[in-house]
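None of the figures in this text is laboratory data; all of them are computed from the coordinates on show. The structure presented is a predicted model; accordingly, all values stated were derived computationally and were not measured. Heads up, the Cβs are rebuilt from the backbone with ideal geometry, glycines too, and the neighbour counts pull from every protein chain shown.
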């Protein structure tokens, strides 16, 4: 996660897999908040669509997509 925050995004998207199986720990939310980053979690297909929308809006965004389940 630290690497995703290096570019100082406004939003960090986490795609939690096709069925949302990847857990996101409270620690991740805390670290994102300490950096002034909004952390959004959703299934990976939803996160991809959200990513596209935010890019079109010109947002500074980083994303982590879980792809294996």
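Over the chain, dividing the summed -39,500 (n - 2.57) contributions of all DSSP H runs of at least 4 residues by the number of residues returns a 222 nm mean residue ellipticity of -10500 deg cm²/dmol. Taking a point 7 Å from the Cα of residue 60 along the Cα-to-Cβ direction, the residues of segment 1-33 with backbone N closer than 20 Å to it are 1-14, 29-33.
Taken over the Cα atoms of segment 2-65, the convex hull encloses 65 Å³ per residue. Taking a point 7 Å from the Cα of residue 34 along the Cα-to-Cβ direction, the residues of segment 1-25 with backbone N closer than 20 Å to it are 1-14, 24-25. Averaging the sequence gap over all C-alpha pairs within less than 8 Å and six or more residues apart, then dividing by the number of residues, gives the chain a relative contact order of 49 percent.
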